[in-house]
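Participant: Before we start, here is the structure in question, set down as structure tokens.
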Amino acid sequence: MDELLRILLTLNMNFNPFEPLFNSMLFTTSPALTTQNETVMLIWRTLLAISDGMLGLVIIVGTIQIMQSDATGSMRMPLGQFVGRILLSTLLMHSSAFLGEQLIQINNLLCEQLPISTVSFIQTLTHGRGLDSGTFFVLWAVLTIIFGIGLLRWLFQAIARIVRLDVLFVLSGPAFLCLIHPATVMVFSAWLRLYVVTLFEQFLQLLAFTLGLQLLLSSRQTGLVGFLLAAAMVNFTASVPRLLERFGAAASGHGALSTLVSLAFRAVVLLA
């Protein structure tokens, strides 16, 4: 992966300002931008404290409802189930930062296992001649236009993914709190689905890029056909988030975020 960056930076020095972003956004998820970021952790602690206060309120209200139901003989949640949900939610709320960091490490380990042979890729496209003087200008033009635009599109998606991941991470406390009441479990389910897909979207994009690259190398297509296949490969990699939307758990779609907000409002109304 670093090999790919070096070749692109050699072809066009205008990519130099983006080198740190490529390293920290496309090929890995930096903890410094997520679970180890001071601002993110400050917001997470604030929302966790608010969730703890709401948890105490839920315990008081739930206890009163149980006592009232016993007195009137009406239906209620079993005491053991209520206590179990309280303990589970409390444990997950306070360990959500640790769990989030471990999931990020798993994603990074998966991304590191994907092999990319950029040297073989360049030699295939140039009939085995590599970056000699006769093919340098063509590669410069094609790779700058095709891969430059494709990588920038991929980069913008990666930046948006980090923002979404931070937002979902700081909401982990309130999300786990929604496990307590059956009426709010749907909010937790929507948050969890969106959080997991957002987290592993990077791995899926790298997997698509690696598989496309290996397919291109095995086909041994060169010249214009090879460049067209390379363009299709990069565009498909950038379309992975859109494909995830078809499964109703899009990391980049407005539909999933709006659904989560809508469910949160419904939960507040039900608990009011």
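A short reminder: the numbers here are calculations on the coordinates, not readings from a lab. Just so it is clear, the structure is predicted and the values come from calculations on it, not from any experiment. Because the Cβ atoms are built from the backbone with ideal geometry, glycine has one as well, and the counts that use them run over all protein chains shown.
Participant: Please give the FRET efficiency for residue 183 paired with residue 52, using the beta carbon to beta carbon distance and R0 = 25 Å, rounded to the nearest 0.05.
Facilitator: 0.75
Participant: How high is the FRET efficiency between residue 88 and residue 163 when r is their beta carbon distance and R₀ equals 35 Å, given to the nearest 0.05?
Facilitator: The computed FRET efficiency comes out at 0.75.
Participant: Could you compute the net charge surrounding residue 159? Neighbours are other residues with a C-beta less than 14 Å from the C-beta of residue 159; K and R count +1, D and E count -1.
Facilitator: +1
Participant: Here's a follow-up. Report the net charge of residues surrounding residue 241, where surrounding means a beta-carbon distance below 9 angstrom and charges are Lys +1, Arg +1, Asp -1, Glu -1.
Facilitator: Net of charged neighbours comes to 0.
Participant: What net charge do the residues around residue 170 carry, taking every other residue with its C-beta under 14 Å from that of residue 170, with Lys and Arg at +1 and Asp and Glu at -1?
Facilitator: -1
Participant: How many nm is it between the label spots at residue 214 and residue 106, if each spot is 7 Å from the Cα in line with the beta carbon?
Facilitator: Spacing of the two 7 Å Cα→Cβ label points: 2.2 nm.
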